[in-house]
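Chemist: Sharing a structure below in C-alpha coordinates format, with a few things to ask.
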Amino acid sequence: MQHPKGRHPDVRQEKCDEAADEDEADAAANSLPLAPLAFKAPGECAGMRLDQVLAKLLPEYSRSRLQDWVVQGQVMVDGAPASVKQKVWGGEAIEVTPQSHPAGQPHQAEDIALDIVFEDDSILVINKPAGLVVHPGSGNWEGTLLNALLHHAPQLSGIPRAGIVHRLDKDTSGLLVAAKTLTAQTALVRQMQARTVQREYYALVYGEVLHAGMVDAPVGRHPTQRTKMAVVADGKPAVTHYSIAERFPATSPFAASGGSGQGCTLLRCKLETGRTHQIRVHLASIRHPLVGDKTYIKGAQKCAPQLRPILAAFPRHALHAAQLGLEHPVTGKWLEWKAPLPDDMAQLLKQIRSASHEPA
(Lines give C-alpha, C1' and ligand atoms only; values in the text may rest on other atoms or scores of the structure.)
Protein backbone atom coordinates (compact mmCIF):
# COMPACT_ATOMS: atom_id res chain seq x y z
CA MET A 1 0.00 0.00 0.00
CA GLN A 2 1.32 3.42 -0.88
CA HIS A 3 1.19 5.54 2.21
CA PRO A 4 1.88 9.27 2.73
CA LYS A 5 4.84 10.02 4.91
CA GLY A 6 5.95 13.07 6.80
CA ARG A 7 6.21 14.62 10.21
CA HIS A 8 3.16 15.72 12.08
CA PRO A 9 3.53 19.31 13.34
CA ASP A 10 2.94 20.35 16.92
CA VAL A 11 -0.71 21.32 16.85
CA ARG A 12 -1.96 23.28 19.85
CA GLN A 13 -5.57 23.30 20.98
CA GLU A 14 -7.28 26.55 20.00
CA LYS A 15 -9.87 28.20 22.27
CA CYS A 16 -12.52 28.34 19.58
CA ASP A 17 -16.25 28.45 20.18
CA GLU A 18 -16.60 25.37 18.03
CA ALA A 19 -13.31 23.59 18.75
CA ALA A 20 -13.28 19.84 17.98
CA ASP A 21 -10.64 17.17 18.50
CA GLU A 22 -11.03 15.81 15.01
CA ASP A 23 -10.36 19.19 13.45
CA GLU A 24 -7.12 19.43 15.41
CA ALA A 25 -6.08 15.96 14.29
CA ASP A 26 -6.86 16.80 10.69
CA ALA A 27 -4.82 19.98 10.95
CA ALA A 28 -1.85 17.89 12.03
CA ALA A 29 -2.23 15.67 9.01
CA ASN A 30 -2.28 18.60 6.62
CA SER A 31 1.50 18.78 6.40
CA LEU A 32 1.56 15.38 4.76
CA PRO A 33 1.82 15.14 0.95
CA LEU A 34 -1.56 15.21 -0.80
CA ALA A 35 -0.67 12.99 -3.75
CA PRO A 36 -3.33 10.38 -4.70
CA LEU A 37 -3.10 7.17 -2.69
CA ALA A 38 -3.63 3.89 -4.54
CA PHE A 39 -3.82 0.44 -2.93
CA LYS A 40 -5.63 -2.89 -2.95
CA ALA A 41 -8.20 -3.71 -0.31
CA PRO A 42 -6.69 -6.35 2.01
CA GLY A 43 -8.42 -9.70 2.15
CA GLU A 44 -8.79 -9.51 5.92
CA CYS A 45 -11.11 -6.54 5.44
CA ALA A 46 -13.68 -8.62 3.56
CA GLY A 47 -17.21 -7.66 4.54
CA MET A 48 -16.24 -4.35 6.13
CA ARG A 49 -17.71 -0.99 5.16
CA LEU A 50 -15.51 1.19 2.99
CA ASP A 51 -15.23 3.96 5.59
CA GLN A 52 -14.07 1.40 8.16
CA VAL A 53 -11.44 0.09 5.78
CA LEU A 54 -10.19 3.58 5.02
CA ALA A 55 -10.00 4.42 8.73
CA LYS A 56 -7.95 1.26 9.29
CA LEU A 57 -5.56 1.88 6.41
CA LEU A 58 -5.23 5.66 6.77
CA PRO A 59 -5.16 6.26 10.55
CA GLU A 60 -3.53 9.68 10.18
CA TYR A 61 -6.88 11.05 8.93
CA SER A 62 -10.04 11.15 11.04
CA ARG A 63 -12.97 8.97 10.01
CA SER A 64 -15.22 11.98 9.50
CA ARG A 65 -12.65 13.49 7.12
CA LEU A 66 -12.41 10.24 5.16
CA GLN A 67 -16.19 10.04 4.95
CA ASP A 68 -16.28 13.59 3.61
CA TRP A 69 -13.84 12.61 0.86
CA VAL A 70 -16.04 9.67 -0.10
CA VAL A 71 -19.12 11.91 -0.30
CA GLN A 72 -17.16 14.50 -2.32
CA GLY A 73 -16.18 11.86 -4.88
CA GLN A 74 -12.51 11.78 -3.87
CA VAL A 75 -12.52 8.00 -3.34
CA MET A 76 -12.76 5.51 -6.21
CA VAL A 77 -13.26 1.76 -5.95
CA ASP A 78 -12.37 -0.20 -9.10
CA GLY A 79 -12.53 3.06 -11.05
CA ALA A 80 -16.03 4.04 -9.91
CA PRO A 81 -17.10 6.65 -7.33
CA ALA A 82 -17.56 5.01 -3.95
CA SER A 83 -20.17 5.30 -1.23
CA VAL A 84 -19.51 5.36 2.49
CA LYS A 85 -21.49 2.23 3.36
CA GLN A 86 -20.54 0.03 0.44
CA LYS A 87 -18.91 -3.29 1.34
CA VAL A 88 -15.34 -4.20 0.52
CA TRP A 89 -14.50 -7.86 -0.12
CA GLY A 90 -10.77 -7.76 -0.72
CA GLY A 91 -8.70 -7.13 -3.85
CA GLU A 92 -10.58 -4.02 -4.99
CA ALA A 93 -8.46 -1.19 -6.38
CA ILE A 94 -9.00 1.83 -4.10
CA GLU A 95 -7.79 5.30 -4.98
CA VAL A 96 -8.03 8.22 -2.57
CA THR A 97 -7.32 11.82 -3.53
CA PRO A 98 -6.86 13.70 -0.23
CA GLN A 99 -8.17 17.22 0.05
CA SER A 100 -6.34 19.65 2.29
CA HIS A 101 -8.14 20.88 5.41
CA PRO A 102 -8.71 24.65 5.74
CA ALA A 103 -6.78 24.70 9.02
CA GLY A 104 -3.62 23.77 7.16
CA GLN A 105 -3.83 26.56 4.61
CA PRO A 106 -2.24 29.99 4.96
CA HIS A 107 -4.77 32.51 6.21
CA GLN A 108 -5.81 35.00 3.54
CA ALA A 109 -5.99 38.76 3.90
CA GLU A 110 -9.55 40.05 3.47
CA ASP A 111 -10.77 43.62 3.11
CA ILE A 112 -13.03 43.73 6.17
CA ALA A 113 -13.71 47.07 7.84
CA LEU A 114 -12.15 47.53 11.28
CA ASP A 115 -13.15 49.99 13.99
CA ILE A 116 -9.65 50.91 15.17
CA VAL A 117 -9.63 52.65 18.54
CA PHE A 118 -5.84 52.95 18.83
CA GLU A 119 -2.84 52.05 16.71
CA ASP A 120 0.89 52.65 16.76
CA ASP A 121 3.93 50.69 15.61
CA SER A 122 3.47 48.06 18.32
CA ILE A 123 -0.22 47.41 18.98
CA LEU A 124 -3.73 47.70 17.59
CA VAL A 125 -6.87 48.09 19.70
CA ILE A 126 -10.05 47.10 17.90
CA ASN A 127 -13.69 47.67 18.82
CA LYS A 128 -15.03 44.35 17.51
CA PRO A 129 -18.66 44.22 16.36
CA ALA A 130 -20.92 41.36 17.39
CA GLY A 131 -21.01 38.63 14.76
CA LEU A 132 -17.32 38.83 13.83
CA VAL A 133 -15.31 35.69 14.62
CA VAL A 134 -11.84 36.50 15.98
CA HIS A 135 -9.79 33.55 14.72
CA PRO A 136 -10.48 31.03 11.93
CA GLY A 137 -11.84 27.74 13.18
CA SER A 138 -14.35 25.01 12.46
CA GLY A 139 -17.07 26.44 10.22
CA ASN A 140 -15.44 29.88 10.09
CA TRP A 141 -12.33 29.69 7.95
CA GLU A 142 -12.86 33.07 6.29
CA GLY A 143 -14.28 36.48 7.19
CA THR A 144 -12.62 36.66 10.62
CA LEU A 145 -10.84 39.41 12.51
CA LEU A 146 -7.55 37.65 11.75
CA ASN A 147 -8.24 37.89 8.00
CA ALA A 148 -9.06 41.58 8.43
CA LEU A 149 -5.86 42.23 10.38
CA LEU A 150 -3.76 40.63 7.63
CA HIS A 151 -5.29 43.03 5.11
CA HIS A 152 -4.86 46.08 7.34
CA ALA A 153 -1.25 45.24 8.29
CA PRO A 154 0.27 42.64 5.91
CA GLN A 155 3.39 42.31 8.08
CA LEU A 156 1.23 40.46 10.62
CA SER A 157 1.53 37.36 8.42
CA GLY A 158 4.92 36.87 10.11
CA ILE A 159 3.44 37.03 13.64
CA PRO A 160 1.75 33.97 15.21
CA ARG A 161 -2.05 34.30 14.99
CA ALA A 162 -1.53 37.65 13.24
CA GLY A 163 -0.70 39.20 16.62
CA ILE A 164 -3.92 38.15 18.39
CA VAL A 165 -3.30 37.47 22.09
CA HIS A 166 -6.85 37.07 23.44
CA ARG A 167 -10.33 36.54 22.08
CA LEU A 168 -13.91 37.61 22.33
CA ASP A 169 -16.73 35.23 21.45
CA LYS A 170 -18.32 35.73 18.05
CA ASP A 171 -21.41 37.42 19.50
CA THR A 172 -19.53 39.49 22.10
CA SER A 173 -18.78 43.06 21.05
CA GLY A 174 -16.06 45.37 22.31
CA LEU A 175 -12.37 45.98 22.83
CA LEU A 176 -9.59 43.61 21.85
CA VAL A 177 -5.83 44.21 21.49
CA ALA A 178 -3.48 42.70 18.90
CA ALA A 179 0.31 42.99 18.65
CA LYS A 180 2.06 44.25 15.53
CA THR A 181 5.50 42.87 16.41
CA LEU A 182 6.73 39.65 17.97
CA THR A 183 8.27 41.62 20.84
CA ALA A 184 4.95 43.32 21.57
CA GLN A 185 3.08 40.03 21.36
CA THR A 186 5.43 38.38 23.85
CA ALA A 187 5.02 41.30 26.27
CA LEU A 188 1.22 41.24 25.99
CA VAL A 189 1.07 37.49 26.50
CA ARG A 190 3.14 37.88 29.67
CA GLN A 191 0.74 40.55 30.93
CA MET A 192 -2.18 38.23 30.26
CA GLN A 193 -0.46 35.44 32.15
CA ALA A 194 0.35 37.79 35.04
CA ARG A 195 -3.31 38.95 35.07
CA THR A 196 -2.32 42.60 34.91
CA VAL A 197 -4.46 43.40 31.86
CA GLN A 198 -7.70 45.00 33.05
CA ARG A 199 -10.93 44.14 31.25
CA GLU A 200 -14.41 45.31 32.11
CA TYR A 201 -17.63 44.15 30.45
CA TYR A 202 -21.28 45.15 30.47
CA ALA A 203 -23.57 42.15 30.82
CA LEU A 204 -27.37 42.21 30.82
CA VAL A 205 -28.66 39.27 32.84
CA TYR A 206 -31.99 37.77 33.79
CA GLY A 207 -33.12 38.37 37.35
CA GLU A 208 -32.57 41.10 39.89
CA VAL A 209 -29.03 41.10 41.23
CA LEU A 210 -29.24 42.80 44.63
CA HIS A 211 -25.59 43.49 45.40
CA ALA A 212 -22.07 43.24 44.00
CA GLY A 213 -20.23 39.96 44.28
CA MET A 214 -17.64 37.59 42.94
CA VAL A 215 -17.70 34.16 41.33
CA ASP A 216 -14.61 32.07 42.05
CA ALA A 217 -15.21 28.77 40.29
CA PRO A 218 -12.98 26.69 37.96
CA VAL A 219 -14.02 26.61 34.30
CA GLY A 220 -13.28 23.80 31.87
CA ARG A 221 -14.67 21.90 28.94
CA HIS A 222 -18.18 20.53 29.54
CA PRO A 223 -17.87 16.81 30.34
CA THR A 224 -20.32 15.71 27.63
CA GLN A 225 -20.92 18.69 25.31
CA ARG A 226 -17.61 19.59 23.67
CA THR A 227 -18.72 23.00 22.33
CA LYS A 228 -19.68 24.19 25.82
CA MET A 229 -17.75 25.17 28.90
CA ALA A 230 -18.86 24.57 32.47
CA VAL A 231 -17.93 25.00 36.12
CA VAL A 232 -16.07 21.74 36.72
CA ALA A 233 -13.89 20.56 39.58
CA ASP A 234 -10.88 19.89 37.34
CA GLY A 235 -11.22 23.14 35.38
CA LYS A 236 -8.79 26.05 35.35
CA PRO A 237 -9.06 28.70 38.08
CA ALA A 238 -11.46 31.49 37.07
CA VAL A 239 -12.55 34.60 38.95
CA THR A 240 -15.19 37.14 37.87
CA HIS A 241 -16.12 40.24 39.89
CA TYR A 242 -19.46 41.93 39.23
CA SER A 243 -21.22 45.10 40.32
CA ILE A 244 -24.58 46.65 39.48
CA ALA A 245 -24.71 49.27 36.72
CA GLU A 246 -28.52 49.45 36.48
CA ARG A 247 -31.35 47.33 37.85
CA PHE A 248 -34.77 46.79 36.28
CA PRO A 249 -36.87 45.24 39.07
CA ALA A 250 -40.09 43.35 38.57
CA THR A 251 -42.09 45.93 40.49
CA SER A 252 -44.94 48.15 39.35
CA PRO A 253 -45.84 48.33 36.54
CA PHE A 254 -44.23 44.92 35.84
CA ALA A 255 -45.81 43.22 38.84
CA ALA A 256 -49.16 44.93 38.28
CA SER A 257 -49.41 43.53 34.76
CA GLY A 258 -50.27 40.12 36.16
CA GLY A 259 -48.45 36.82 36.47
CA SER A 260 -45.18 36.06 38.18
CA GLY A 261 -41.78 37.00 36.88
CA GLN A 262 -38.59 38.82 37.55
CA GLY A 263 -36.73 41.77 36.16
CA CYS A 264 -33.22 42.01 34.76
CA THR A 265 -29.95 43.69 35.68
CA LEU A 266 -27.14 45.39 33.80
CA LEU A 267 -23.87 44.31 35.42
CA ARG A 268 -20.29 45.48 35.18
CA CYS A 269 -18.00 42.46 35.15
CA LYS A 270 -14.25 42.53 35.75
CA LEU A 271 -12.07 39.56 34.95
CA GLU A 272 -9.14 38.31 36.98
CA THR A 273 -8.71 35.43 34.55
CA GLY A 274 -9.63 34.94 30.92
CA ARG A 275 -11.16 31.51 30.42
CA THR A 276 -13.26 30.60 27.41
CA HIS A 277 -16.87 31.75 27.96
CA GLN A 278 -15.93 32.71 31.55
CA ILE A 279 -18.49 35.45 32.18
CA ARG A 280 -21.27 33.51 30.46
CA VAL A 281 -20.57 30.33 32.45
CA HIS A 282 -20.06 32.11 35.78
CA LEU A 283 -23.25 34.19 35.57
CA ALA A 284 -25.29 31.18 34.48
CA SER A 285 -23.86 29.25 37.44
CA ILE A 286 -25.38 31.79 39.88
CA ARG A 287 -28.71 31.66 38.04
CA HIS A 288 -28.35 34.97 36.26
CA PRO A 289 -27.67 33.92 32.64
CA LEU A 290 -27.00 36.49 29.97
CA VAL A 291 -30.01 37.72 28.03
CA GLY A 292 -29.89 36.11 24.58
CA ASP A 293 -27.41 33.38 25.54
CA LYS A 294 -28.88 30.33 23.84
CA THR A 295 -25.95 28.15 24.92
CA TYR A 296 -26.11 28.59 28.68
CA ILE A 297 -29.77 29.37 29.39
CA LYS A 298 -31.58 26.34 30.80
CA GLY A 299 -35.29 26.41 30.08
CA ALA A 300 -37.59 29.43 29.93
CA GLN A 301 -36.70 32.35 32.19
CA LYS A 302 -39.44 33.62 34.49
CA CYS A 303 -39.47 37.17 33.28
CA ALA A 304 -41.90 40.03 33.98
CA PRO A 305 -44.65 39.97 31.30
CA GLN A 306 -43.80 43.36 29.81
CA LEU A 307 -40.15 42.36 29.51
CA ARG A 308 -40.61 38.93 27.93
CA PRO A 309 -41.04 39.96 24.28
CA ILE A 310 -38.28 42.56 24.52
CA LEU A 311 -35.66 40.22 25.96
CA ALA A 312 -36.73 37.22 23.87
CA ALA A 313 -36.22 39.19 20.66
CA PHE A 314 -32.57 40.07 21.36
CA PRO A 315 -30.61 37.94 18.85
CA ARG A 316 -27.30 37.47 20.69
CA HIS A 317 -25.94 37.23 24.21
CA ALA A 318 -25.90 40.72 25.71
CA LEU A 319 -22.21 41.08 26.51
CA HIS A 320 -19.90 43.96 25.60
CA ALA A 321 -16.20 44.44 26.39
CA ALA A 322 -16.41 48.09 27.40
CA GLN A 323 -13.02 48.86 28.89
CA LEU A 324 -9.44 47.64 28.35
CA GLY A 325 -6.32 48.68 30.24
CA LEU A 326 -2.74 47.50 29.82
CA GLU A 327 0.89 48.51 29.97
CA HIS A 328 2.25 49.52 26.58
CA PRO A 329 4.68 46.74 25.58
CA VAL A 330 7.38 49.21 24.49
CA THR A 331 6.98 52.43 26.45
CA GLY A 332 5.71 50.82 29.66
CA LYS A 333 3.04 53.52 29.94
CA TRP A 334 -0.35 52.48 31.32
CA LEU A 335 -3.08 52.92 28.70
CA GLU A 336 -6.87 52.58 28.90
CA TRP A 337 -9.60 52.61 26.31
CA LYS A 338 -13.39 52.63 26.52
CA ALA A 339 -15.99 51.56 23.96
CA PRO A 340 -19.62 52.70 24.31
CA LEU A 341 -22.42 50.17 24.20
CA PRO A 342 -23.15 49.08 20.62
CA ASP A 343 -26.39 50.23 19.06
CA ASP A 344 -28.24 46.96 19.59
CA MET A 345 -27.55 46.83 23.34
CA ALA A 346 -28.23 50.55 23.75
CA GLN A 347 -31.56 50.13 21.98
CA LEU A 348 -32.39 47.10 24.13
CA LEU A 349 -31.84 49.09 27.33
CA LYS A 350 -33.93 51.94 25.93
CA GLN A 351 -36.82 49.54 25.30
CA ILE A 352 -36.53 48.11 28.82
CA ARG A 353 -36.57 51.57 30.39
CA SER A 354 -39.54 52.56 28.30
CA ALA A 355 -41.45 49.42 29.26
CA SER A 356 -40.77 50.09 32.94
CA HIS A 357 -42.70 53.35 32.70
CA GLU A 358 -45.69 52.03 30.76
CA PRO A 359 -48.96 51.82 32.69
CA ALA A 360 -49.90 48.31 33.70
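The values are calculated or read from the model by the stated rules, or taken from the named source; none is laboratory data. Predicted model only: the values in this text are computed from it and were never measured. As a convention, Cβ positions derive from the backbone with ideal geometry for all residues, glycine included, and neighbour counts pool all protein chains shown. To get the accessible areas, we keep the full protein, side chains included, count just its heavy atoms, and leave off ligands, DNA and RNA. Shrake-Rupley method; radii C 1.70, N 1.55, O 1.52, S 1.80 Å.
Chemist: For the range 156-269, give the magnitude of the charge dipole about the Cα centre (Cβ charges: +1 Lys/Arg, -1 Asp/Glu; no others), in debye to the nearest 20. Walk me through the numbers on the way to the answer.
Modeler: Working: 13 positive and 7 negative charges, 117 e Å.
With only Lys, Arg, Asp and Glu charged at Cβ, the dipole is about 560 debye.
Chemist: Determine the share of the range 153-277's accessible area contributed by carbon and sulfur atoms, expressed in whole percent, with a 1.4 angstrom probe.
Modeler: Values: 2820 of 5620 Å².
Ligands and nucleic acids excluded, carbon and sulfur give 50 percent.
Chemist: Another question, then. Just check the range 187-253 against the gyration tensor rule for me: Cα atoms, a ≥ b ≥ c as the square roots of the eigenvalues, rounded for a/c under 1.5, and otherwise prolate or oblate depending on whether a/b exceeds b/c. Before the final figure, lay out the partial values.
Modeler: Details: a/c = 2.69, a/b = 1.45, b/c = 1.86.
Verdict is oblate for the range 187-253.
Chemist: Then there's this: Taking the radius of gyration and the Kirkwood hydrodynamic radius from Cα positions alone, what is the Rg/Rh ratio for the range 307-357, to two decimal places? All intermediate terms of the calculation are to be shown ahead of the outcome.
Modeler: Working: Rg = 16.5 Å, Rh = 13.4 Å.
Reported Rg/Rh, Kirkwood definition of Rh: 1.23.
Chemist: Still on this structure, I have one more. Counting Lys +1, Arg +1, Asp -1, Glu -1, what net charge surrounds Leu267 among other residues with beta carbon under 15 Å of its beta carbon? Can you show the working numbers first?
Modeler: Numbers: positive: Arg199, Arg247, Arg268, Lys270, Arg280, Arg287; negative: Glu200, Glu208, Glu246, Asp293.
Spelling it out: positives minus negatives among the neighbours equals +2.
Chemist: What pairs from Lys236/Lys294; Lys56/Lys170; Lys236/Lys298; Lys128/Lys333; Lys170/Lys302; Lys180/Lys350 go past 30 Å between their alpha carbons? Working shown, then result.
Modeler: Numbers: Lys236/Lys294 24 Å; Lys56/Lys170 37 Å; Lys236/Lys298 23 Å; Lys128/Lys333 24 Å; Lys170/Lys302 27 Å; Lys180/Lys350 38 Å.
From Lys236/Lys294; Lys56/Lys170; Lys236/Lys298; Lys128/Lys333; Lys170/Lys302; Lys180/Lys350, over 30 Å: Lys56/Lys170; Lys180/Lys350.
Chemist: Give, rounded to the nearest 20 debye, the magnitude of the charge dipole that the range 108-198 has about its Cα centre when Lys and Arg contribute +1 at Cβ and Asp and Glu contribute -1 at Cβ. Don't skip to the answer; put the middle values down first.
Modeler: Details: 7 positive and 9 negative charges, 89 e Å.
The dipole magnitude comes to about 420 debye.
Chemist: Ok, one more. Along the positive direction of the dipole of the range 75-135 (beta-carbon charges: Lys, Arg +1; Asp, Glu -1; about the Cα centre), which of His107, Ala130, Val77 reaches farthest?
Modeler: Val77
Chemist: Additional query: In whole Å, what are the extents of the range 86-190 along the principal axes defined by its C-alpha atoms, from largest to smallest?
Modeler: 64, 29, 27
Chemist: Another one. Tell me, what is the per residue accessible area of the range 148-264 in Å², probe radius 1.4 Å? Let's see the in-between values first.
Modeler: Details: 5350 Å² over 117 residues.
Counting only protein heavy atoms, the per-residue value for the range 148-264 is 46 Å².
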